[in-house]
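The values are calculated or read from the model by the stated rules, or taken from the named source; none is laboratory data. These numbers come from a predicted model, not from an experiment. Positions of Cβ are backbone-derived with ideal geometry, glycine not excepted, and every protein chain shown enters the neighbour counts. Accessible surface areas use protein heavy atoms only, side chains included; no ligands, DNA or RNA. Shrake-Rupley method; radii C 1.70, N 1.55, O 1.52, S 1.80 Å.
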Amino acid sequence: MGGSSRILLFVLAMLAALPFAQGAPALADRPGANQASPSGNKDCHDRPGCSRPGGGALQLPVLELRPGHDAPSLAPFVRYAKHSAPIDRAVANAMLAAPLARVTGPTIHFGPPGRHTAVLLKVRNTGGGQGSWILTTGRGSLAYFRLFEMSEGELTLLVDGTDARTASDNLQTYQAFSTEVVLEPGQEKLILIDFLSANSTYMPLRIATYGTFFKERRANIAMVSGLVVGTAVLILLNFLFFAITGHREFIWLAVAEAFFALNTIHSEGYVTIFFLADKPLTGVAIEDVIKCGFAASMAQFCRSFVNTAMHFPKRDIALKGLIVAALAIMLLQAGLSIYPNGLRATLHGATWIVTVAVALFLPVVGFAAMREFGRQLWPLFAGWASLALFILYAAVASMGLFTWLPINWHLAGPVGLFEAIMVTLALGLNLKKIQADKLAADTNYARSLAERVRISERAARLAEEKAFALATVNSQNAMLHASGHDSKQVILALNSAVEALKRGDDSGKHRELTELLQSSAAYLSGIVSTTISGASIVGSDTDFITLSSFRAEALTEPLVMMFKTSFAQKKLTLDVEIAGEIMILSDRPLLMRALANLLGNSYHYTDKGGARLHVAAQEAQVVVTITDSGKGMPADVMTRLNDESVTRLRADETNDGSGSGFQSAKRLIEALSGSIRILTSTPAGTEIRIVLPHAFLGVSPCAVADIADLLPDLHLLDFDQRDTFEAALSTIPAPKEQIIACTYDDTSVTRGRLADMVGMVLIKPLCREMAAHPRLRGCSKEI
């Protein structure tokens, strides 16, 4: 057995003994401890803050209060005694004459639970005016609680926690059993608290002014709310990641985080305040169920995420055993109210044993996983280790074995947040691995597509021009559609992440990340829409176009995305230059496909150097220049390609190519009322110039009615208002060439549908400059 396993077994054995440990009383509980010892008498006689009620053996220190100021730590002024039954007047008077125990250390803890505890605290107003404070116990879930004021041997009941209505009203007002303390100048009061707890005798007594008390309450509510909201966001993200990846560990982590949020709400007393003020045992049962639920779900997350059944089978058996034990304890909590006290204590101790065992075992598995799979899993180990230390400390401190140990349950929030961040980092590293695998698959797919393109090109040399052109186009279309389909999955994931961040980021902490993801999704969506639309229409013989306004970057960036990998594989460069801000009015899918044909030729016939794409605006026209360092073509071939009457040719018997790619681009450009020409072609490279109408520095947005007023001879219909569009289309007597549809939908499906119904489509948002386009004015002549 390894050293870490032996340490773990030792810690569990110590925890198993906690519920049955008999806590040694403080020094003042022992015979003679509070008698008139020299040191004790001297200490009290020397300080005016000590008093001796009734002249007995008890010496109670007096807590001096000043109006408008909070009290110091109450631990040095608290005295207590243990009893087997509720206290009454006779027991209280006898207790005042007997030795009492002091609180050792800064934490007010009265040892192991299971017996009635009577707590005494004497206060005095040393100020010059009346003062009022709030005495709060910091506890709300107790099997028995009563708070008295003791005066001249009589007990006056101030808070009765055994009465359901009184307890509920008190807890809803103060969030813990509390009472007001009002003192006249010089007045003293003796406070007596009698309580019985089933799980812990920790009681963080405090006396604070009204302002301080309610300020701390509001801060507590804000802290709990922030933790719950943050956990809810994390749970939503886990479900989102599960929907994307299908990995079950995200579900188990979400369940564990849900139990942690419930534990925070319950440990801060909100469940008791609103639902269980008169059911303390039910509150204890819920507490143990939440702890075991968290331990079981986190252990199952570990099994799923690390895959312990395959990589660490022995540790997997231990985790299964802990999960079964946690589930058994959760089921046994249903009958907690009918069990004897001994069985209740055993169940409560077993809850802590299972919780601490899981907390200690998870870092062991995390460390082993880090050694097995790599150091990138260090956040998982760090998060589990921090949680283990906190749960171990909380278990030891709350059981009361060491009453001097300080307890601060509010640390559960920061510790849980740190653990959540660390585990989220680990999951992020796992997603990074998934992304790397996806990129490798995409690379293989691109290599396969490239091989298919080369095979298609070799076969196309033996076919006629139309068969050759269609085969090439179909091959490229298949690539674009497949790429578009994969990209849509990424876009969907990005949009889902954006929505999740927006819903849980009220403070704007992740605003920059949200904007980055949103812009990336919009950018990819534009590329997919453009490429798929161009792929679907390019093989058609119709001159049907969809006119839209777009920035020059929206034209060039998809082309760079399509060709940069291919160029890089041949060690070629692909440069793009845009001269200033340019808004283009044209059919973006058609134009992009024409440029893609030309860049494809540059790629095929260039062995070194690269290609350059330059876009500029000249006198309301767009000038696109493509230059490359390829091997060029003979002058007579260049002349024939520039000749509109030539449909197909071969350069020579040693040179591949039939000119179909250039001719296809030329047909598309002319359909857009533009022109294309090969300016030069030499062994040093080729330069091609494309001129298109309608380029502006900016456009003037307008509505459908505004365009209709500018084009009185045409019929403009809004396709987005489907019922109105179909009704108007059936009543207009004009031919379809005189009907223009306006829509936001630029998909290939809508484009194909409208091609049979109208003569042209205007893509929204519309602008006034569209009305002057040559296609709308009936001017199809070449520029």
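Counting the residues of region 86-116 that are assigned to a loop (DSSP other than H, G, I, E, B) and either of a type outside the set (A, V, I, L, M, F, W, C) or open to solvent by less than 50 Å² (accessible area, probe 1.4 Å) (or both) gives 18.
Against the condition touching a helix residue (DSSP H, G or I) at 6+ places or on another chain (Cβ under 9 Å) and not in a loop (DSSP other than H, G, I, E, B), how does L121 come out, does it pass? First the steps, then the outcome.
On the way: touching a helix residue (DSSP H, G or I) at 6+ places or on another chain (Cβ under 9 Å): yes; not in a loop (DSSP other than H, G, I, E, B): yes.
Yes; evaluated as a whole, the condition is true for this residue.
For region 657-749, which fully contained helices (runs of 4 or more DSSP H) count at least 1 residues that are modelled with pLDDT under 85? It would help to see each step written out before you state the result.
Working: elements: 660-671, 704-710, 722-731.
Answer list for region 657-749: 660-671.
Yes/no per residue for (1) buried (at least 22 other Cβ atoms within 10 Å of the Cβ); (2) within 24 Å of A198 (Cβ to Cβ):
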| residue | (1), (2) |
| --- | --- |
| T282 | no, yes |
| I286 | no, yes |
| K291 | yes, yes |
| V306 | yes, no |
| A309 | no, no |
| G321 | no, no |
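Mind listing whichever residues of region 136-146 are farther than 15 Å from P204 by Cβ and at pLDDT 85 or above? Talk me through it step by step, then tell me what you get.
At the first step, the residues of region 136-146 found to be farther than 15 Å from P204 by Cβ are 143-144, 146.
Result: Y144, R146.
Within region 147-189, how many residues are assigned to a loop (DSSP other than H, G, I, E, B) and over 22 Å from H69 (Cβ atoms)? Walk me through it before giving the result.
If we filter region 147-189 for residues that are assigned to a loop (DSSP other than H, G, I, E, B), which is where we start, we get 152-153, 161-163, 175-177, 184-187.
Next, from what is left, pick out any that are over 22 Å from H69 (Cβ atoms): 152-153, 161-163, 175, 177.
Residues in region 147-189 being assigned to a loop (DSSP other than H, G, I, E, B) and over 22 Å from H69 (Cβ atoms): 7 in total.
If you go through region 323-341 and pick out every residue that is open to solvent by less than 60 Å² (accessible area, probe 1.4 Å) and closer than 30 Å to E372 by Cβ, you end up with 3. Scanning region 300-322 for residues that are under 16 Å from A359 (Cα atoms) and among the charged types (D, E, K, R) turns up R303, R315, D316, K320. Taking the conditions exactly as written (assigned to a helix (DSSP H, G or I) and touching a residue at least 60 places away in the same chain (Cβ under 8 Å)), does V289 satisfy them or not? Taking the combined requirement at face value, the residue does not satisfy it. Just a yes or no: is a residue in region 217-237 open to solvent by less than 30 Å² (accessible area, probe 1.4 Å) and assigned to a loop (DSSP other than H, G, I, E, B)? So far as region 217-237 goes, no, none of its residues is open to solvent by less than 30 Å² (accessible area, probe 1.4 Å) and assigned to a loop (DSSP other than H, G, I, E, B). In this structure, D628 does satisfy being at pLDDT 90 or above, charged (D, E, K, R) and closer than 23 Å to Q663 by Cβ. Residue pairs whose Cβ atoms lie under 6 Å apart, separated by 6 or more positions or on different chains, with the first residue in region 603-628 and more than 18 Å from T680 (Cα to Cα) and open to solvent by 40 Å² or more (accessible area, probe 1.4 Å) and the second of a type in the set (A, V, I, L, M) and outside any strand (DSSP E or B), are A617/I582. Scan region 117-153 for residues that are crowded, with 20+ Cβ neighbours inside 10 Å, more than 41 Å from the chain's Cα centre (by Cα) and of a type in the set (V, I, T) and report the count. Of the residues in that region, 3 qualify. Of all positions in region 565-584, at least one carries a residue that is surrounded by fewer than 16 Cβ atoms within 10 Å (Cβ to Cβ), assigned to a helix (DSSP H, G or I), not assigned by the TED database to the domain that holds E687 and not polar (S, T, N, Q). Scanning region 312-323 finds one or more residues that are outside any helix (DSSP H, G or I), in the same structural domain as K432 (by the TED database), touching a residue at least 40 places away in the same chain (Cβ under 8 Å) and not β-branched (V, I, T).
What are the residues in region 342-357 that are over 12 Å from A296 (Cα atoms) and either open to solvent by less than 40 Å² (accessible area, probe 1.4 Å) or without any contact (Cβ under 8 Å) to a residue 24 or more places away in the chain (or both), if any? Spell out how you get there, then give the answer.
Filtering region 342-357 for residues over 12 Å from A296 (Cα atoms) gives 342-350, 352-353.
Selection gives G342, L343, A345, L347, H348, G349, A350, W352.
Within region 68-85, restricting attention to residues that are touching a residue at least 12 places away in the same chain (Cβ under 8 Å), assigned to a loop (DSSP other than H, G, I, E, B) and not aliphatic (A, V, I, L, M), the residue that is farthest from T117 (Cα to Cα) is G68.
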